[in-house]
Amino acid sequence: MTYVYVLSKSGRPLMPTKPARARHLLKADEARVVRIVPFTIQLTIETSEAVQPVYAGQDPGLTQGVAAVRSDGKVLFQVEVKCRPDISEKLTERRNYRRNRRHRKTRYRQPRYLNRKKPEGWVAPSIRQLKHEHDKLRRLVEGILPVSGWAIELNKFDFQKMENPSIKGVQYQNGPQKGYFDVREYVLERDGYACVLCGSKINRKLYRFRGKSQRPKNLITLCGECYKKAVEKKIPFEVLLENYRWTARVNVMRALWKPAEHIKFVTAEQVAAFRENHGLTKTHANDALAAVCEAYGIELQPCDIHVLCGRYVRRKNRQLHRANPGKGGVRQPANANRYLINKSGVRFQKYDLVLYRTRSDRKIVGYINTLFSRRTVRIVDPTGRELYNGASINKLKKIQNADTLIWEVNNGVSSSE
């Protein structure tokens, strides 16, 4: 089942309608298209703005799920969106650019790390970005549906219980590292002071790959030669390594949810119980659906709605000439890196949703990924897979303006159409 979301003439969200009704309104010039994905129309005639109660739920995490239901249990909207996982790496890249530039431009720079103080309520940039992406998705839902209340699932992860489900009481204080000076001593003792690949006696350790935490299961002992090969990524590892980065971020983000009258919080145990009682599969969208039904006491009706999938992307690429302008402080002209204008005056940017027809009249619907100075673009699907390379901007038709949130496209046709 697919719905078309409707806005009033003044821009307020109304109850969604069926595609047949939407086609009738568009053909009669009583509505216009304002958004392709999710497909949304706005009425051009005056009408009543009476709506039914609609409640929405959200399952936070690296892949967040959102669901909206009517008070009678009819599901109106379900979506799963992947958040950006590269914030920490991009911050490290920016820091390297900045340090390298200062090293080149400044003969000596007085240390200033001692007078730095974090302000009250400071939050790590990666956590702040994750919170922003959750808030943006909620604002999107509130812009197409008359949501009167939210339910958010609050997860609290216990890392030790994730490794040992039977742990309790004083066992939390008697972990495997008890009696060791630090993590390094424990890892060396665990691996027998020998390289795990060649067996030579040595005392060196290595992270599995960049971004892993310093947990013992993420560290292994390597000799100098194996360490060099591992850094160059020329040898595989058969060691099972863990990464609790996102579980830790979700734990921290719990403190950022501000209580409000229209927001209710649901525990993971309540969500799991509701999902099992109603036979729902374990997905992020179903977790959000279970959260909102559990919070507001809604009796769920059979659900056959299409689950829309999307992900957050980074629209601007950091380049050296942008970080370090040329002589006179003027950035070098590189319009192709930002936008291209066709002969009709239409501007195309990265992640615009466009339609292109090939010489064989094959229709391609996708997102602009790369802009070339020869006035052509590269079109990809939402996952980044190339659909066409070298499409002329004069033969492109823009369907939807660029955004940091892109949606799935199935077989060249938007899933909301």
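A few points about this structure:
- Residues of segment 295-302 include none that is touching a Lys or Arg at 6+ places or on another chain (Cβ under 6 Å) and assigned to a strand (DSSP E or B).
- From 380, 365, 354, residue being surrounded by 15 or more Cβ atoms within 10 Å (Cβ to Cβ), touching a residue at least 40 places away in the same chain (Cβ under 8 Å) and either acidic (Asp, Glu) or more than 17 Å from residue 394 (Cβ to Cβ) (or both): 365
- The sole residue among 406, 364, 368 that is more than 23 Å from residue 77 (Cβ to Cβ), assigned to a strand (DSSP E or B), at pLDDT 90 or above and under 22 Å from the mean Cα position of the chain (by Cα) is 368.
- Only one entry in 143, 121 is under 30 Å from residue 403 (Cβ atoms) and in a loop (DSSP other than H, G, I, E, B), namely 121.
- Scanning segment 1-42 for residues that are under 25 Å from residue 366 (Cα atoms) and of a type in the set (Val, Ile, Thr) turns up 2, 4, 6, 33, 34, 36, 37, 40, 41.
- Breaking point among (1) surrounded by 13 or more Cβ atoms within 10 Å (Cβ to Cβ); (2) closer than 30 Å to residue 255 by Cα, for residue 101: (2)
The values are calculated or read from the model by the stated rules, or taken from the named source; none is laboratory data. Computed from a predicted model, the values in this text were never measured in an experiment. FYI the Cβ positions are ideal-geometry reconstructions off the backbone, even for glycines, and counts take in every protein chain you see.
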